[in-house]
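**Student:** Sharing a structure below in structure tokens format, with a few things to ask.
The values are calculated or read from the model by the stated rules, or taken from the named source; none is laboratory data. All of these numbers come straight from a predicted model, not from anything done at the bench. Backbone-built Cβ (ideal geometry, glycine too); neighbour counts: all protein chains shown.
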Amino acid sequence: MRLGVFGGTFDPIHNGHLVAAEEVRARLNLDKVLFIPAGLPPHKLDHDISPTRHRIAMLQLAIAPNPGFGLSRVDVDRHGPCYTVETLSLLHQEYGPGTELFFLMGMDSLAEILTWRDPERLIRLARIVVVGRPGFQADVDELDTVLPGAKERIQVVDTPQLEISSSDIQQRVREGLPIRYQVPEAVEAYIREHGLYAGHKSPSADFAD
């Protein structure tokens with residue numbers, strides 16, 4: 001099995017996420033792309049993040065029409081900061097040795113991969129798929145000099161670019177601006193129904209279930 005792994009806070013998931021995941025799935029002939037909402041992301045410990053139940057509900061609504069997409073709770077069902085290398089190890093245990101993992105990341109994340117936990121093991125556990133854009137290239141050759149084997153394990157896939165971000169969507173909701181066509185209709189309805197992003201959350205509610 002060829003399994004894509006797409007992690008993030010998804011607060012909220014938007015059409016940019018979905019377009020990138022579908023493009024990678026098709027171009028690399030993946031059997032499925034797993035969306036993995038973060039539990040406690042190590043790089044966002046000081047950020048307000050919506051409760052897990054809302055982020056998962058929006059993900060489920062967004063990916064429901066596509067049989068090539070799935071959702072995993074591997075990160076939200078464990079305690080403490082969730083490191084990618086540990087997530088990939090758990091997925092290997094769950095899906096078995098016959099599954100090849102393809103971890104999706106942005107070009108900006110690739111530039112910081114050496115700061116991630118155990119990057120040497122990470123690139124052994126999964127092929128790295130960098131979601132790029134035409135005209136932008138990662139310096140994989142230079143990275144390979146400090147992370148041996150990186151060049152053989154990293155692939156850049158150009159995807160259609162939608163200038164959408166979760167933080168911008170949150171801000172637009174707070175300002176009463178439209179988010180139609182930036183998120184799936186079902187996700188927009190969920191945000192409105194539950195009053196997400198309209199006000200300020202208290203820190204104690206950040207990671208509540």
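**Student:** Just to be sure before I move on: is E94 out of contact with any strand residue (DSSP E or B) (no Cβ under 8 Å at 6 or more places or on another chain), exposed (fewer than 15 other Cβ atoms within 10 Å of the Cβ), without any contact (Cβ under 8 Å) to a residue 40 or more places away in the chain and assigned to a helix (DSSP H, G or I) in the structure I sent? First the steps, then the outcome.
**Tutor:** Working: out of contact with any strand residue (DSSP E or B) (no Cβ under 8 Å at 6 or more places or on another chain): yes; exposed (fewer than 15 other Cβ atoms within 10 Å of the Cβ): yes; without any contact (Cβ under 8 Å) to a residue 40 or more places away in the chain: yes; assigned to a helix (DSSP H, G or I): yes.
For E94, the condition - out of contact with any strand residue (DSSP E or B) (no Cβ under 8 Å at 6 or more places or on another chain), exposed (fewer than 15 other Cβ atoms within 10 Å of the Cβ), without any contact (Cβ under 8 Å) to a residue 40 or more places away in the chain and assigned to a helix (DSSP H, G or I) - is met.
**Student:** Next question, about the same structure. So if I check each of L18, L61, which one is out of contact with any strand residue (DSSP E or B) (no Cβ under 9 Å at 6 or more places or on another chain) and closer than 18 Å to V183 by Cβ? Lay out the reasoning, then the answer.
**Tutor:** Working: L18 fails: out of contact with any strand residue (DSSP E or B) (no Cβ under 9 Å at 6 or more places or on another chain).
Just a single option satisfies the conditions, and that option is L61.
**Student:** For the structure I just gave you, tell me whether S50 is under 30 Å from E188 (Cβ atoms), modelled with pLDDT of 90 or more and either part of a loop (DSSP other than H, G, I, E, B) or of a type outside the set (A, V, I, L, M, F, W, C) (or both).
**Tutor:** Values: under 30 Å from E188 (Cβ atoms): yes; modelled with pLDDT of 90 or more: yes; either part of a loop (DSSP other than H, G, I, E, B) or of a type outside the set (A, V, I, L, M, F, W, C) (or both): yes.
Yes.
**Student:** Let me ask something else. Need a quick list: helices (runs of 4 or more DSSP H) entirely within the range 106-180 having at least 2 residues that are under 25 Å from P12 (Cβ atoms) and modelled with pLDDT of 90 or more. Working first, answer last.
**Tutor:** Values: elements: 107-111, 119-125, 140-146, 150-153, 166-174.
Fully inside the range 106-180 and qualifying: 166-174.
**Student:** Taking G70 as meeting all but one of (1) within 30 Å of E193 (Cβ to Cβ); (2) outside any strand (DSSP E or B); (3) at pLDDT 95 or above, write down the number of the exception.
**Tutor:** The single condition G70 does not satisfy is (2).
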